[in-house]
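Chemist: Have a look at this one before I ask anything.
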Amino acid sequence: MKPQDVKATTDKNGYFLIKAPGTITNYGVHKCKAWLVSSTSTACSKITNLHGGLTGAMLRPEKKPFVDEKKREFALFSVGPFAFESKCPR
């Protein structure tokens, strides 16, 4: 399988949701990483490496897989929290 880049925007609480294509399985999740790309605030837009925000954080399983109404199995993963800092020197 070739690499895929997927971007998501967080909500006001910092959560995001990415749904992988149906061809992705839990088998390869150990190869997946998440990292920060950009901030909506120009004053606070320097990416930090807190919990891998710059270099990429491995996904952590959050709950046991669950099955939806169409009998598809899903898993929930977590990363972070990540952080931005001010671009201005202190």
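Chemist: Trypsin sites (Lys or Arg not before Pro), restricted to the stretch 43-72: which are DSSP loop and have at most 14 other Cβ atoms within 10 Å?
Modeler: LYS63, LYS70, LYS71, ARG72
Chemist: Still on this structure, I have one more. Using r as the Cβ-Cβ distance of LYS70 and LEU50, and R0 as 35 Å, what FRET efficiency do you calculate, to the nearest 0.05?
Modeler: 0.40
Chemist: Please identify, among VAL29, VAL67, VAL37, the residue showing maximal mean-square fluctuation in a Gaussian network model of the chain using a 10 angstrom Cα cutoff.
Modeler: VAL67
Chemist: Quick check for the chain: number of Lys pairs with alpha-carbon distance under 15 Å, counting only pairs 8 or more apart or on different chains?
Modeler: Going through the chain pair by pair, I get 6.
Chemist: Here's a follow-up. So if we plug the beta-carbon distance of LYS87 and VAL6 into 1/(1 + (r/R0)^6) with R0 = 30 Å, what FRET efficiency do we get, rounded to 0.05? Present the calculation step by step, with values, prior to reporting the outcome.
Modeler: On the way: r = 27 Å, r/R0 = 0.88.
Step by step, r from the Cβ atoms, then E = 0.70.
Chemist: To continue, here is another question. In µm²/s, what is D for the stretch 30-90 at 10 °C and 1.306 mPa s, where D = kT/(6 pi eta Rh) by Stokes-Einstein and Rh is the Kirkwood radius from Cα pairs?
Modeler: D, rounded to a whole number, is 118 µm²/s.
Each value in this text was obtained by applying a stated rule to the coordinates, not by laboratory testing. What you see is a predicted model; the values in this text were computed from it and never measured. Note that each Cβ is placed from the backbone with ideal geometry, even for glycine, and that neighbours are counted across all protein chains shown.
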